[in-house]
1. Is there a quick way to get the dipole size of the chain? I mean about its Cα centre, with the Cβ of Lys and Arg at +1 and of Asp and Glu at -1; what is the value in debye to the nearest 20?
2. Nearest 10 degrees, 0 to 90: what angle lies between the long axis of helix 147-157 and the longest principal axis of the chain (Cα atoms)?
3. Holding the Cα-Cα limit at 30 Å, pick out from Lys190/Lys240; Lys12/Lys141; Lys131/Lys186 the pairs that are longer than that.
4. Can you pull out the chymotrypsin sites (Phe, Trp or Tyr not before Pro) in the stretch 180-243 that DSSP calls coil and that have at most 14 other Cβ atoms within 10 Å?
5. Using every Cα-Cα pair within the stretch 103-222, state what percent have a distance larger than 25 Å.
6. So, for the chain, what is the accessible surface per residue at a probe of 1.4 Å, expressed in square angstrom?
7. Mind sorting out which of (1) 23; (2) 27; (3) 31 is the real percent of Cα pairs over 33 Å apart computed from the coordinates?
8. Along the charge dipole of the chain, Cβ charges K/R +1 and D/E -1, which of Ala164, Gln113, Tyr135 sits furthest on the positive end?
Amino acid sequence: MQGEVKREIRRKADSFRDNCKIVRYGITDLFKECERCGYKVIRYPLGEDADLGFVTKKDEDIVIFINSSSRFSREIFTLAHEIGHIILHFEGKHYFVDDKATISDKDHDEKEQQANYFAACLLMPEDVVRKYIDYEVTDSKKHDLSAMDIARIMSEFNVSFDMAINRLESLGIIDANQKICLGNEKTEHKVGNLLQSVGGNARLNTPDEGISIPHEYIDYVIYNYNHNAIPKDTLERVLKYYKLCMEDISDRIKLHEENNPESLEDLIGGLPD
């Protein structure tokens, strides 16, 4: 990416972040910030090998889907990445589907690189990271960060270990050799143990497997059931989440033969052509 493009992405990430609730250094709850912006966020556990997430338009709504089988820190990064697509790219395109390759591969297409850069700037803006290093790290350790220091940074900024060291390297705070050493420490000590040792947020390193569906999306599920896009057991599972049963919506459903859903996207009405 050219410098001018990066500068514009930083400006847009800063603009979004300026309206977020911040505690000390990191965004408190990016999921709630999306709700405040009017984005509809769906979290559902698809399994760790499934796609990480996507963003699409459904009627007038912007819908972000996140796979909650990912580590929670990965979920947060995926969400920041999808916000990047909305802010940077949604003018001419109506959906983006992201898998592990599109989010982590530095050589992937330009829009994915831009969304990754937006996410990094949103979660760990350079000025805030440098302020953290200045205020929270002793002078003797500023050029010799340990894996425990990275665990503290993880908790402050709600990011993964790898995200933290990648960002620190890109900002010139650590070099390539330090990054390798920190990666080796991570492997030796395990991230969960490091977080526990510093009293950090252990939730960041485990899959949340949470389910969160905006209430109005029950209409989409009923619509899809009535059009044979999802089977009855899927509808029943969704209703259970809302603490409802089939009898509660009997006036809104049609009886039909069961069909297997073709894909996850059917659950929310399908991606645009």
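1. On the way: 36 positive and 51 negative charges, 198 e Å.
In total the dipole reaches around 960 debye.
2. 50
3. Details: Lys190/Lys240 37 Å; Lys12/Lys141 33 Å; Lys131/Lys186 24 Å.
Violating the 30 Å Cα-Cα cut-off are Lys190/Lys240; Lys12/Lys141.
4. Of the chymotrypsin sites (Phe, Trp or Tyr not before Pro), the ones in loops of the stretch 180-243 whose Cβ has at most 14 other Cβ atoms within 10 Å are Tyr242.
5. Percent of Cα pairs beyond 25 Å in the stretch 103-222: 32.
6. 52
7. Calculated percent of Cα pairs over 33 Å apart: the matching label is (2).
8. The residue sitting farthest along the positive end of the dipole is Tyr135.
The values are calculated or read from the model by the stated rules, or taken from the named source; none is laboratory data. Everything numeric here is computed off the predicted structure, so don't read it as measured data. No Cβ is skipped: glycine too gets one built from the backbone with ideal geometry, and neighbour counts run over all protein chains shown. Keep in mind that these areas ignore ligands, DNA and RNA; they rest on the heavy atoms of the full protein, side chains included. Shrake-Rupley method; radii C 1.70, N 1.55, O 1.52, S 1.80 Å.
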